[in-house]
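Visitor: Can you keep this structure in mind? I'll have questions shortly.
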């Protein structure tokens, strides 16, 4: 089945993209293009980083980025649903792997700014976060969580909002926070409080710096001097100046403040106040997130400034970015003004990372140099041309997209023949299936494509509110196609010759298809928030409608967003479904693992178990039922088998025509053509000939085929 094949693709993709162990290396960290325009950051799967207002730490050769997720539509001061705290890991600050949630979505109504440090004495990672009128504290034995809540900490100074954690070289921990308990006319001062040895609360020892309007703190220590960076003034999602104070003890005295009689509050009113020394005018587009000392392979330490680059103070900050840049110092240790560099080389303690590629990858526009824009709605459509390098079945077509402003209609992704203009494939993504953060939305078209022939990936929507956005690169990263747009509801398109959308396509040799939704043969095992219980290893689907996430798990799995790494359909009650122990629906066992599968006619053979399979076309005769014959192990540690597709159409489908007949499905829909597990598909809006010519290929020569609406 197509959806089961996806599980295999993801498994193999993880192997392809994993960095090999090796010596130290150098990479380039990019913040902006040559013009100074910000470029998007993506994880190794091509989805934008969805972790904001958080923290960044180094553990050995690995960096961990923590932050608030906004992809489900979480909005500041609008009582939005909390999307959870997430964590990403990277060997090089350029290639990030999504490690999932450290705090579950929905577990808080007003939570921001997760800061994590490691407590060497207890061996635990400790999280502090703004919980809306209080601080949340939690612990985990690993940097990737989940984090278990601890009691609410006691503070010596109340009125706290933003916070940051710092661990000194002797292991002493501190929480740095602001306080709104200030004199009339001021906004917030900075406070440093010493933590108890377990970092779970404070000791009562503290110092105040006497500043007037600061937040978003980051502290580092260099040559015995503590440097505290902060945003001045305080304001949600603004780009205030970077202030700096220094001390030789975390509990002070701190120096560097100056009185500004002309100080201005973020609202525009006068706010004369004490301020920190300014080392950057706008935090490189946001507010401090971290000050990161990086230890290179030679033992030397360099210091880097990290800031959130906010998205115009939007209530939802899914489109916010990061800035990472080196800090430099005078001979006496004074921090120089922070430069907002477009890019810089970074010496790493270990090997650099890489992006993942699926085994059937054929075309893509890459990961670097992209920006975003939102205008797909009503009469406005966008499309990207591509040219396959090989003939086969288009098993996946992905375009990176997002929603903004609450659309009220699905986003449609179509595959169009570039020569004839005919629509070959049509997939509607419900509003809840399109995150607010740019995400690689993948359709499984199953259409036949020909090497060297032009095709288009078209995005459109009938929404009358909000819009759907897209990622683009104006540096012509994909010379074999071009982006174009329509303002007349796809009636005509205007090409933008050097612009490409962020996309990828896979072309496979075996035509395996399943309708969107729960694969045939899967059985419901739990409602959302329940426990999907089973013994052994099984593949589990989590979702609703046509939107699902899949996991291969052992001895049960929680049926929820955290266990599956995301919400496949926001705002809809979901459920979990387990794969059958044996083969896919519509397939019959033909051999146990390491045996020989004998088929009396050409057929697709599935190799695997418990919902995870590799597929190949087998001719009449013998096929070895081994990992080697199928290109790898689809599910490790489980006894597998080979299963041959039976005669007829996909499970549950009813034939509309025999081969060489005419299929009239009665409404616009997808029709598949083939037999014995091998099918190609086509989007039809009227009667269609049930022939290889009409569907662009013969999916299984020498076998009588049929047509089936799905």
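The values are calculated or read from the model by the stated rules, or taken from the named source; none is laboratory data. Source: prediction; values computed, not measured. FYI the Cβ positions are ideal-geometry reconstructions off the backbone, even for glycines, and counts take in every protein chain you see.
Visitor: If you take the residues of the stretch 666-690 that are over 30 Å from residue 583 (Cα atoms) and either at pLDDT below 95 or surrounded by fewer than 19 Cβ atoms within 10 Å (Cβ to Cβ) (or both), which of them is nearest to the chain's Cα centre (by Cα)?
Guide: 668
Visitor: Scan the stretch 548-562 and tell me whether some residue there is within 20 Å of residue 652 (Cα to Cα), in contact with a strand residue (DSSP E or B) (Cβ under 6 Å, 6 or more places away or on another chain) and not assigned by TED's automatic domain parsing to the domain that holds residue 677.
Guide: yes
Visitor: Then there is this: Given (1) in a strand (DSSP E or B); (2) closer than 14 Å to residue 678 by Cβ, identify the lone condition not met by residue 648.
Guide: (1)
Visitor: Moving on to the next point. Report whether or not residue 351 is surrounded by 16 or more Cβ atoms within 10 Å (Cβ to Cβ), at pLDDT 95 or above and outside any strand (DSSP E or B).
Guide: Judged against the criteria, residue 351 is not a match.
Visitor: Now a separate question. Considering only the stretch 520-547, state which residues are part of a loop (DSSP other than H, G, I, E, B) and under 27 Å from residue 44 (Cα atoms).
Guide: Hit for the stretch 520-547 is 546, nothing else.
Visitor: Taking the conditions exactly as written (more than 27 Å from residue 95 (Cβ to Cβ) and surrounded by fewer than 24 Cβ atoms within 10 Å (Cβ to Cβ)), does residue 371 satisfy them or not?
Guide: no
Visitor: Quick one: would you say residue 295 is assigned by TED's automatic domain parsing to the domain that holds residue 166, under 28 Å from the mean Cα position of the chain (by Cα) and closer than 26 Å to residue 63 by Cα?
Guide: yes
Visitor: Give the residue that is farthest from the chain's Cα centre (by Cα), with candidates limited to residues of the stretch 622-658 that are more than 20 Å from residue 509 (Cβ to Cβ) and free of Cβ contacts under 8 Å to residues at least 40 places away in the same chain.
Guide: 647
Visitor: While we're on this one: Quick one: residue 302 ticks every box in (1) buried (at least 20 other Cβ atoms within 10 Å of the Cβ); (2) part of a strand (DSSP E or B); (3) in contact with a strand residue (DSSP E or B) (Cβ under 6 Å, 6 or more places away or on another chain) bar one, so which box is it?
Guide: If we test residue 302 against (1) buried (at least 20 other Cβ atoms within 10 Å of the Cβ); (2) part of a strand (DSSP E or B); (3) in contact with a strand residue (DSSP E or B) (Cβ under 6 Å, 6 or more places away or on another chain), just (1) comes out false.
Visitor: Within the stretch 669-689, can you find the residues that are more than 25 Å from residue 599 (Cα to Cα) and in contact with a strand residue (DSSP E or B) (Cβ under 7 Å, 6 or more places away or on another chain)?
Guide: 669, 670, 671, 682, 683, 684, 687, 688, 689
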